[in-house]
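For reference, the structure is listed below as structure tokens.
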Amino acid sequence: MENHVEELRKNLGLRQDEFAKAIKVSRQTISSIENGKYNPSLELAFVIADFFGKSIEEIFIHEKT
């Protein structure tokens, strides 16, 4: 799933490890989400959305198949 996590994180001037610490996940998890290799759970998607003050739909792009 495509997303805007990397863009939003960089706009705040955060490194992956800083963002990961802020939302209590590993840096590897952030890297995998940003690279589209891992889709976060719904709970984690809400945590990410809340962190950036956006809706899940504004961050994660669901492609209908």
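The values are calculated or read from the model by the stated rules, or taken from the named source; none is laboratory data. Treat the numbers as computed from the prediction; the structure is a model and nothing was measured. Virtual Cβ from ideal backbone geometry, glycine too; neighbours counted across all protein chains shown.
What to note about this one:
- Every residue from the stretch 48-58 that is within 16 Å of Leu12 (Cα to Cα) and free of Cβ contacts under 8 Å to residues at least 40 places away in the same chain: Ala49, Asp50, Phe51, Gly53
- Within the stretch 1-59, the residues that satisfy the criterion of being among the basic types (Lys, Arg) and either loosely packed, with under 14 Cβ neighbours inside 10 Å or over 9 Å from the mean Cα position of the chain (by Cα) (or both) are Lys10, Arg15, Lys21, Lys24, Arg27, Lys37, Lys54.
- When the helices (runs of 4 or more DSSP H) confined to the chain are screened for residues that are at pLDDT below 95 and in contact with a helix residue (DSSP H, G or I) (Cβ under 7 Å, 6 or more places away or on another chain), none reaches at least 3 such residues.
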